[in-house]
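Heads up: the structure comes next, in structure tokens.
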Amino acid sequence: EKEEINAEIMKIDSEVKEFKDKFEKNYSDIFFTKVIKATTEPEIPEAPKSPSEIQMKKNGGVWEIPCKINGLDADFIYDTGSADVFISLDFFSVMVKQGNITEKDILGNERFIDASGNINEAVSFNIRNIKIGNTVINNIKGSVSNKINSPLLLGQTALKELGEITTDHNKGIFYFND
């Protein structure tokens with residue numbers, strides 16, 4: 001099983017390199033960047049449980065919520081239709097390279113149905129911790145898309161842990177009471 005995981009990680013690294021090479025070749029005159037801040041915190045302590053509110057960010061037609069997953073800052077699309085917290089192949093590769101995901105976090109492969117009704121495969125993994133506002137959720141399931149540039153989705157495995165959730169779309173505020 002470890003050999004299969006190592007082979008999958010090598011395949012992911014190769015796909016990420018191929019994607020970056022194509023991007024640089026075809027779009028070298030266009031500059032854009034998304035910064036992912038790495039921290040050295042191996043574990044985030046459990047925060048006190050209390051009502052929380054988070055300012056969401058509007059990106060195109062979707063709302064994003066700033067989170068910290070296994071020590072990395074990232075904006076996740078608030079997606080009540082996603083069963084899991086979902087990350088892209090590119091983001092997964094960054095997390096593996098920086099040690100935020102290790103072999104022991106990999107749970108296996110599974111199939112899922114996407115929003116278009118297509119059946120896809122994904123690698124499932126344990127999210128050791130995800131911080132949303134001041135709340136930390138430990139040991140929930142996440143999934144890795146088989147596509148390099150898939151959006152990051154804050155799905156039900158995390159949302160169900162937050163208790164009652166409301167959103168104010170006029171002000172862009174995400175409220176929860178865990």
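The values are calculated or read from the model by the stated rules, or taken from the named source; none is laboratory data. The shown structure was predicted, so the numbers you read here are calculated from the model rather than taken from an experiment. Here the Cβ is made from the backbone with ideal geometry for all residues, glycine too, and neighbour counts use every protein chain on show.
Take segment 124-178 and flag every residue that is farther than 22 Å from D73 by Cβ and β-branched (V, I, T).
The answer is T166, and nothing else.
Being of a type in the set (A, V, I, L, M, F, W, C) and not in a strand (DSSP E or B) is the filter here, so list the residues in segment 66-86 that pass it.
Residue satisfying the conditions is A83 alone.
If you go through segment 170-177 one residue at a time, do you hit one that is in contact (Cβ under 8 Å) with a residue 60 or more places away in the chain and at positive phi?
The answer is yes, given that some residue of segment 170-177 is in contact (Cβ under 8 Å) with a residue 60 or more places away in the chain and at positive phi.
Look through segment 160-178, keep the residues that are surrounded by 11 or more Cβ atoms within 10 Å (Cβ to Cβ) and in a loop (DSSP other than H, G, I, E, B), and return whichever of them is modelled with the lowest pLDDT.
Here the answer is D178.
Could you check, for segment 139-146, whether at least one of its residues is over 30 Å from E3 (Cα atoms) and hydroxyl-bearing (S, T, Y)?
No - not one qualifying residue is present in segment 139-146.
Output the number of the condition that E64 fails; it satisfies all remaining conditions of (1) surrounded by fewer than 18 Cβ atoms within 10 Å (Cβ to Cβ); (2) within 13 Å of P151 (Cα to Cα).
Just one mismatch for E64, condition (1).
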